[in-house]
Structure formats: structure tokens, C-alpha cells
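Below: one structure, written as C-alpha cells.
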Amino acid sequence: MSALEIIAVLLSATAVWLTVKQNLLCWPLGLVSVLMYAWVFFDVKLYSDMLLQLVYAVLQLYGWWQWTRGGVQHAGRQVSRLPGNQLLLSLAIGTAGSLLLGYLMATHTDAAAPWLDAALTSFSLVAQVWMAQKRLECWPLWIALDVIYVGLFLSKDLYLTAVLYAVFTALAVAGWRAWQRPQAACAG
């Protein structure tokens, strides 16, 4: 456990908590935390997760824009549900990304868990895009991913990060409940 990991944990937990509350500060805090985690994951040879953090940095900016200027009226997004065809397309993209990244990591790197890490990475990107678009479906996907991440991080002796992902799981449950409230969610 390093000082960098400790700070990244605190910032990450705060950013997700702010996301649950739909507070715009979630995006700049999230940006700092994902850049810090990119280095943490590089250090333990979880290269797919390192790359994921770098993509998350871009997605933090995208989410910030979506929440402030996205949507039909360009006045920021409201919580909504994904139409069935978009849900299936997103999951198909996540599956294709898992297979491609898993193959690349398994054949071209010394990655510690190439296939699992790649699948978690690919579907985390799907969940993050859904979150940036304030799609309710992001939360159950985050719950599933976070539970699996806890086991992966325990296997890599990243105990504090495993605890963080356990907290993320609880926050995802809270987010799912909060975003389902009538004043939060709308169709489409």
C-alpha cells in the first residue's frame, strides 16, 4: 500500500459518492483519481486497468460535458433508461472489446490476468459511458463489475483498493436506488 494508492482511494470514493448525489464535482475529482490509479495499476502490471484509467480520464471530461451541456436542450442530462437496442449494442461492444483486448494482453504482454482484466476493462468502459449519459443501467453493471474487481485486487495484494471497490459496490447500490426515484428518472 502506497501513499499514492491511499490518496487515490480517498479521491475515488469521494468522486463516486458525489456521482450518486449527481454533484458535478464528481468529474474533476474523478479525473485526478483515475490518473493516480493509472500509475498504481502500471506498478502491479494490470495493464488493461492502467489503460482503462487513461480512457476514464477522457470519459471524465465527456461526463462533465454531458452533465452540464448534454441532452436534447443542451442543458445537461437527466437520469434516463437505455432503449433495448442500445443496451444490447453496448453489451455486444463490451463483449467484442473483452475478446480483442484479452487476446492482445494474453499474447503481447506479461499481464497478470489478461482475460479477466480485459473483460472488466471493456465492460467498465460501457458502464462509464452509461454513467456519463446518466443511464440508470450503469448502476447494476457497476455492481457486478465491482464485486469481481474486489476479488481481482485481493489476488494482487491491493487490499486498500479491494476495500475501495467493496465501497464502490455499496455506493452503486445506493446510486441505483437514488437514480430510480421518480424525480430522478425519466424514460428515453
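For the chain, find the longest principal axis of its Cα atoms and tell me its angle to the long axis of helix 84-108, 0 to 90°, nearest 10. That helix lies at roughly 10 degrees to the long axis.
Placing +1 on the Cβ of every Lys and Arg and -1 on the Cβ of every Asp and Glu, with no other charges, gives region 81-188 a dipole of roughly 520 debye about its Cα centre. Measuring r between the beta carbons of L24 and L91 and using R0 = 41 Å, the FRET efficiency lands at 0.90. Between V55 and R181, the C-beta separation translates, for a Förster distance of 30 Å, into a calculated FRET efficiency of about 0.50. Highest mobility in the GNM of the chain, judged by mean-square fluctuation with C-alpha springs under 10 Å and restricted to A112, A132, A172, is found for A112. Solvent exposure of R81, expressed as accessible area, is near 120 Å², computed with a probe of 1.4 Å over the protein chains only. The spread of Cα positions in the chain, taken along each principal axis and listed from longest to shortest, comes to 46, 35, 24 Å.
Given Cα pairs under 8 Å that are at least 6 residues apart, what percent is the relative contact order of region 46-119? Don't jump to the answer; show the numbers that get you there.
Working: 57 pairs, mean separation 24.6, N = 74.
Worked out over region 46-119, it gives 33 percent.
Overall size of region 12-101 from C-alpha positions, given as principal axis extents largest first: 43, 31, 18 Å. Working from label points 7 Å from Cα in the Cα-to-Cβ sense, the T109 to V32 distance is 2.7 nm. A straight Cα-to-Cα reach below 20 Å connects K21 with the aspartates and glutamates E137, D146, residues fewer than 8 places away in its own chain not being considered. The angle between the Cα long axis of helix 47-69 and the longest principal axis of the Cα atoms of the chain comes to about 20 degrees, rounded to the nearest 10. Summed over qualifying helices (DSSP H, 4 residues or more, each -39500 (n - 2.57)) and divided by its residue number, the chain shows a 222 nm mean residue ellipticity of -26500 deg cm²/dmol. Per-atom-type breakdown for the chain gives carbon and sulfur 70% of the accessible area (1.4 Å probe, protein chains only). Dividing the convex hull volume of the alpha carbon atoms of region 71-128 by its residue count gives 99 Å³ per residue. Once C-alpha pairs closer than 8 Å and six or more residues apart are averaged by separation and normalised to the residue number of the chain, the relative contact order reads 24 percent. In debye to the nearest 20, how big a dipole does region 1-155 give about its Cα centre with +1 on each Lys and Arg Cβ and -1 on each Asp and Glu Cβ? Rounded to the nearest 20 debye, it is 660 debye.
The values are calculated or read from the model by the stated rules, or taken from the named source; none is laboratory data. Please read these numbers as outputs of a predicted model, since none were measured by experiment. Cβ atoms come from the backbone with ideal geometry, glycine included; neighbour counts cover every protein chain shown. Quick note on the areas: whole protein, heavy atoms, side chains included, nothing else; ligands and nucleic acids left out. Shrake-Rupley method; radii C 1.70, N 1.55, O 1.52, S 1.80 Å.
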